[in-house]
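Notes follow the structure.
The values are calculated or read from the model by the stated rules, or taken from the named source; none is laboratory data. Every value quoted in this text rests on a predicted model; they were computed, and no experiment measured them. With ideal geometry, Cβ positions are generated from the backbone for all residues, glycine too; neighbour counts draw on all protein chains shown. SASA here: full protein model, heavy atoms, side chains in, ligands and nucleic acids out. Shrake-Rupley method; radii C 1.70, N 1.55, O 1.52, S 1.80 Å.
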Amino acid sequence: MHQELDGWVIANLFLILFVGVADHQIIAPLLPAIAAFLGVSVSAIGLLVVVYSLAAAGAALVVGVWSDRLGRNVFLTGALLVFSLSSWATAYAADLAWLLLCRILTGMAAGVLSACSIAYAGDYFAYRIRGRALGYISMANWAATVVAVPVAAYVADRLGWQKNFFGLAIAGLGVSGLNFICMSWLRPYRSAAEYPSPSARELDIAHPAWRPAGMARSFLSRSDLIGCLVIAFCVSGGIVGAITYAGAWMNVQFRVTTRVIGLVFLAGGLLALVGSALGGAASDRYGKKSVGIASSVLLALSLGLLPLLPWSGLLVGVFALANFAAACRQGPVTALMTELAPLRGRGAFIAMRNVASQIGIATTALLGGILFERFGYGGVGVLCTALTLVVVLLLSTQIQEPLGGSGFDPK
């Protein structure tokens, strides 16, 4: 493992994660245009999100297991090529069935990109600097919101929604070439099988990694890894649920225009970029667990206070603070999970973590919609605050900060 930050690897993984997240993020503003072009309802087009998420989860689970055996690079390069081809095909979609097929393929590719890029960072960077590395890499999630979404809306208005997917296809090919050069020549990758022989205890944990059923049982036999999966559910559900209904709340409650809401989200996204970098750096100095707990407490306070505020600069500031806290937590908690996972099962466990995150998002979106209709944004705030406090509880009681850095037997 590398003891110093490597700009080539960080930039490469950032771009890989960015294209995958951008593809998912731009769908929301493009839905009306796509529905009008195909002559179907927006609710029917909403199936794109469902099939994309299911495909991403399924592909990540399968590839996560095999990436532990064959290495991440081959799957990252293959997924980028599939991503480019499916994005290009999406631009030529003439009916809903063709579009759904393209989104299934794109979702499979994006699921692999997310799982393998995070597992790659866990393999490459030593734990003592992994918080900073993953903090920088995780900035891609917020950069996609700040950059890709407004650009996609502008391109769709001027040139048509299809041109966005041509752009993503070209970007995917470019990142695929960079990944091949970086990981094959500049920074050759070592798969888990190439690491020094593990101890007997390590082999006990690592052995099921080649068999999905045994691997899952080995993960679920450890309370800390079960806690990590629940944390992933609550982390994603808590912040995505709050953000999903924030725009509708501002519009309904305060009659704020779409343009102003966009500026509020832009402010939150920009502060989140800062939080992602600062959170990673702080976690390497003060501990991933400590920063994860502190940022979760700050997020819970922000989400609990937000629905109580009138429309004002304070409301915008608290909303931005919530984004900052969520981004500040992402790198440290992800780094912690990559270290707790068995070395030879890291890819598989990160895939399971991603599935738990997707389930959390879907569950919170469903419950949040019901609560928003009945109790307004206050109900959504209570739900998301409760999920965030669960994260604080589990980090405090179920997770121990690894000391030795082996990932197999945290002290």
How many of the residues making up the range 32-41 are open to solvent by 50 Å² or more (accessible area, probe 1.4 Å) and assigned to a helix (DSSP H, G or I)? 3
Looking at 53, 86, 138, 117, which one is at pLDDT below 90, in a helix (DSSP H, G or I) and at negative phi? 53
Given the structure, is residue 249 of a type in the set (Phe, Trp, Tyr), part of a loop (DSSP other than H, G, I, E, B) and either open to solvent by less than 10 Å² (accessible area, probe 1.4 Å) or at negative phi (or both)? no
Does the range 257-265 contain at least one residue that is open to solvent by 10 Å² or more (accessible area, probe 1.4 Å) and either within 16 Å of residue 296 (Cα to Cα) or at pLDDT 90 or above (or both)? no
May I ask you to verify whether residue 50 is without any contact (Cβ under 8 Å) to a residue 12 or more places away in the chain and either aliphatic (A, V, I, L, M) or touching a helix residue (DSSP H, G or I) at 6+ places or on another chain (Cβ under 6 Å) (or both)? yes
Please find, within the range 92-103, the residue that is surrounded by the fewest Cβ atoms within 10 Å (Cβ to Cβ) out of those that are assigned to a helix (DSSP H, G or I) and either under 23 Å from the mean Cα position of the chain (by Cα) or among the aliphatic types (A, V, I, L, M) (or both). 97
Selected residue [buried (at least 17 other Cβ atoms within 10 Å of the Cβ), more than 20 Å from the chain's Cα centre (by Cα) and closer than 22 Å to residue 169 by Cβ] from 89, 60: 89
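Kindly check whether there is at least one residue in the range 23-31 that is touching a helix residue (DSSP H, G or I) at 6+ places or on another chain (Cβ under 9 Å), charged (D, E, K, R) and either in a loop (DSSP other than H, G, I, E, B) or open to solvent by 30 Å² or more (accessible area, probe 1.4 Å) (or both). First the steps, then the outcome.
Residues of the range 23-31 touching a helix residue (DSSP H, G or I) at 6+ places or on another chain (Cβ under 9 Å): 23-31.
This time we only want the ones that are charged (D, E, K, R), so: 23.
When the remaining residues are screened for being either in a loop (DSSP other than H, G, I, E, B) or open to solvent by 30 Å² or more (accessible area, probe 1.4 Å) (or both), the result is none.
No, the range 23-31 has no match at all.
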Can you name the number of the only condition in (1) at negative phi; (2) more than 19 Å from the chain's Cα centre (by Cα); (3) touching a residue at least 12 places away in the same chain (Cβ under 8 Å) that residue 376 fails? (1)
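If a residue counts only when it is closer than 30 Å to residue 322 by Cβ and either at pLDDT 85 or above or open to solvent by 70 Å² or more (accessible area, probe 1.4 Å) (or both), which helices (runs of 4 or more DSSP H) contained entirely in the range 151-242 have at least 1 such residues? Explain how you work it out, then say what you get.
On the way: elements: 162-181, 200-206, 212-220.
Answer list for the range 151-242: 162-181.
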List pairs: first in the range 173-184 and under 14 Å from residue 120 (Cβ atoms), second at pLDDT 85 or above and among the charged types (D, E, K, R), Cβ under 9 Å, 6+ apart or cross-chain? 183/72
Pairs, first over 21 Å from residue 163 (Cβ atoms) in the range 74-92, second open to solvent by 60 Å² or more (accessible area, probe 1.4 Å), C-beta under 6 Å, six or more apart: 77/180
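Select from the range 63-86 the residues that are of a type in the set (Val, Ile, Thr) and more than 18 Å from residue 168 (Cβ to Cβ) and write down the one among them that is surrounded by the most Cβ atoms within 10 Å (Cβ to Cβ).
Per the criteria, the residue is 63.
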Residue check for residue 281: within 20 Å of residue 378 (Cβ to Cβ), in contact (Cβ under 8 Å) with a residue 12 or more places away in the chain and assigned to a helix (DSSP H, G or I): no
With of a type outside the set (Asp, Glu) and on the phi > 0 side of the Ramachandran plot as the only criterion, which of 71, 78, 58 stands out? 71
Kindly list, by first and then second residue, each pair from a residue in the range 105-119 that is more than 15 Å from residue 66 (Cβ to Cβ) and open to solvent by 10 Å² or more (accessible area, probe 1.4 Å) to a residue that is part of a helix (DSSP H, G or I) and among the acidic types (Asp, Glu), limited to pairs with Cβ atoms under 8 Å and residues at least 6 apart or on different chains. 110/23
